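Undergrad: Quick one: the structure is below, and I'll ask about it shortly.
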Amino acid sequence: MDKAIVLAVAASVCTAASSVCQRMGAKGTQARGFDVGLVVRLARRPVWLLGIASMIGGFGFQLTALRFGDLSLVQPILAAELVFVFGYLAIAGSGRVRCRDWLAAAAMSAGIGVFLRLASPSAGRLHAPGSSWLLSGLVTTAVVAAALVVGLGRGRRPGAA
């Protein structure tokens, strides 16, 4: 299981590097929709190609991690990619990472940690009891409803009809 964790973190680092490299490689490229010329122009930029290689490496690490660990262990760790993207952007100086971005990444990381601690990925029962499904459904519905209320509330502008 330790191998799965290390490989999942390596996959997160690679896919984060891929995102940053591809963004840097595509910066300043003008395109109106997809055209083959765009791919050719991007393929001539070494940083963009490094991003593609890093993405392939990330997929390789992810597949290998899944060989040594369960999906319930590997997938939440892969979500840590966002933290690594912010780190790369802060170091490279190519993007402004605001305090709220770091707070969101920290909250996500804490959530992943809590999930992994509470879920304790291991062999378990084949089927969850009905009460667990009901509780998780109610909690999910409440969170989605709250997010919709907040999202729709922010969309309104004062004085707009």
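Undergrad: Give the residues of the range 12-39 that are within 17 Å of residue 50 (Cβ to Cβ) and among the β-branched types (Val, Ile, Thr), sorted by residue number.
TA: If the condition is that a residue be within 17 Å of residue 50 (Cβ to Cβ) and among the β-branched types (Val, Ile, Thr), then 13, 15, 20, 29, 39 are the ones that fit.
Undergrad: I would also like to ask the following. Quick one: count up the residues across the range 41-59 that are out of contact with any helix residue (DSSP H, G or I) (no Cβ under 9 Å at 6 or more places or on another chain) and either under 25 Å from residue 90 (Cα atoms) or buried (at least 18 other Cβ atoms within 10 Å of the Cβ) (or both).
TA: Residues that pass the stated criteria total 0.
Undergrad: Restricting to the range 2-40, and then to whatever is surrounded by 12 or more Cβ atoms within 10 Å (Cβ to Cβ) and of a type in the set (S, T, N, Q), can you tell me which residue is farthest from residue 65 (Cα to Cα)?
TA: 22
Undergrad: Here is a follow-up. Would you check if residue 109 is at pLDDT 75 or above and of a type in the set (Gly, Ala, Ser)? Before you say what the answer is, go through the steps one by one.
TA: Values: at pLDDT 75 or above: yes; of a type in the set (Gly, Ala, Ser): yes.
Considered against the rule, which asks whether it is at pLDDT 75 or above and of a type in the set (Gly, Ala, Ser), residue 109 comes out as yes.
Undergrad: Examine the range 128-142 for a residue that is at pLDDT below 85 and closer than 23 Å to residue 4 by Cα, and state whether such a residue exists.
TA: Within the range 128-142, none of the residues are at pLDDT below 85 and closer than 23 Å to residue 4 by Cα.
The values are calculated or read from the model by the stated rules, or taken from the named source; none is laboratory data. Quantities reported herein were computed from a predicted structural model and do not represent experimental measurements. Using ideal geometry, Cβ is built from the backbone for each residue, glycine included, and neighbour counts are taken over all protein chains shown.
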